[in-house]
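In what follows, a structure is listed as structure tokens, so that the remarks can point back to it.
The values are calculated or read from the model by the stated rules, or taken from the named source; none is laboratory data. What you see is a predicted model, and the numbers here were worked out from it, not measured in a lab. Here Cβ is always computed from backbone atoms with ideal geometry, including for glycine, and neighbour counts include all displayed protein chains. For accessibility, only protein heavy atoms count, side chains too; no ligands or nucleic acids. Shrake-Rupley method; radii C 1.70, N 1.55, O 1.52, S 1.80 Å.
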Amino acid sequence: MLDTLLDTAISAAHCGAEVLKQYWGKLSDIHTKASRSDLSTEADRLSEKAIGEYLRTHYPDYGLLGEEAGTSATPSDDEYLWVIDPLDGTTNYAHNYPVCAISIALLHHHLPLVGVIYNPFSRELFTAKKGGGAFLNGQPLRVSSTPTLDASLLATGFPYNRLTHPNNYPEFCHLTDLTQGVRRNGSASLDLACVAAGRFDGYWERGIHAWDIAAGVLLVDEAGGQISNYALQPLDLFSGYILATNRLLHSQLSAALLDTRALDKFKKN
Ligand code: IPD
């Protein structure tokens with residue numbers, strides 16, 4: 001059953017990918033949502049439409065939560081729920097920076113069963129199924145073995161409401177001091193895929209949505225990594241907080257994120 005679900009998710013991702021390729025460099029309708037950095041384009045909307053139609057045709061009884069249609073990031077009561085980001089990395093895409101992906105996960109009672117992350121420009125297809133491992137273009141993935149923060153390369157992102165809400169800047173500065181570097185690549189699903197692939201040793205973010213991370217958390221888990229909230233409690237996909245690492249760094253990164261005294265020196269005023 002999981003193989004069929006995963007194949008369906010991969011085919012749906014390819015439907016979205018056709019839209020992203022078609023509109024690449026040709027956007028005529030870019031508008032802002034809640035803030036000037038929160039963009040939506042016709043590529044987001046049409047990719048979500050194509051993915052949704054494909055999934056509905058094959059699984060008409062399953063629920064569907066997509067970034068464009070999803071007015072809220074709250075969990076639904078559906079036993080099976082497709083969670084879709086039709087274009088993760090919209091700002092990159094709108095600026096012709098080809099770091100973006102389609103992310104599709106199927107949740108069963110809020111836990112991911114299968115996950116697909118596809119960057120149609122690099123043609124990297126990341127896949128995972130519960131208990132069945134994580135793969136990049138068919139090759140098995142394993143998280144890194146970096147044992148300490150001072151030898152690590154991390155990734156993070158910033159919430160769209162960063163001008164008016166806690167914004168992750170203190171955490172970013174603090175971890176930049178403690179590590180070999182922190183990358184901000186603008187696509188949370190690809191950040192998580194890179195943790196699964198051992199390219200990044202860890203990733204954290206606040207103000208993140210379930211559609212950005214649902215597929216990626218399964219990839220990290222299946223590649224041997226660890227996922228939680230900042231305080232090492234089980235991840236709630238809909239809580240807005242995520243910490244994902246190669247497992248070896250997990251408690252160190254958690255402690256650094258919770259070290260508010262150290263973070264205070266980076267706060268304005
Ligand atoms: C965004 C990206 C970004 C992250 C933001 C997300 P979107 O997703 O994943 O890396 O920092 O929090 O909202 O809006 O491009 O799908």
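Taken about its Cα centre, the chain carries a charge dipole of roughly 780 debye when the Cβ of each Lys and Arg holds +1 and the Cβ of each Asp and Glu holds -1. Look at the alpha carbon pairs under 8 Å that are at least 6 residues apart: their mean separation over the length of the chain gives a relative contact order of 17 percent. With all protein chains kept in place, the per residue accessible area of segment 219-262 amounts to 42 square angstrom at a probe of 1.4 angstrom.
Per residue, the accessible area of segment 59-218 comes to 39 Å², computed with a 1.4 Å probe over protein heavy atoms only. Taking the chain as the region of interest, the number of lysine pairs whose Cα atoms are within less than 29 Å, with members eight or more places apart or on different chains, is 9. Look at the alpha carbon pairs under 8 Å that are at least 6 residues apart: their mean separation over the length of segment 142-269 gives a relative contact order of 30 percent. Ordering of 112-125, 80-93, 163-176 by packing is 80-93, 112-125, 163-176, highest average first (other Cβ atoms within 10 Å, averaged per residue). Positive-end ranking of THR146, CYS173, TYR160 along the dipole of segment 52-193, with charges on Cβ about the Cα centre, is headed by THR146. Packing around the peptides 12-19, 103-110, 62-69, taken as the average count of other Cβ atoms within 10 Å per residue, puts them in this order, highest first: 103-110, 12-19, 62-69.
Rounded to the nearest 0.05, what FRET efficiency is calculated for HIS108 and LYS265 with R0 set to 35 Å and r the Cβ-Cβ distance?
Values: r = 44 Å, r/R0 = 1.25.
Approximately 0.20, to the nearest 0.05.
Give me the percent of accessible area attributable to carbon and sulfur for segment 31-157, probe 1.4 angstrom. Here it works out to 52 percent. Putting +1 on Lys and Arg Cβ atoms and -1 on Asp and Glu Cβ atoms, find which of LEU106, THR260, ALA188 reaches farthest to the positive end of the dipole of the chain. So the residue we want is THR260.
A crude spin-label estimate for the pair ARG184 and ILE10, with each label 7 Å from Cα along the Cβ direction, gives 3.6 nm.
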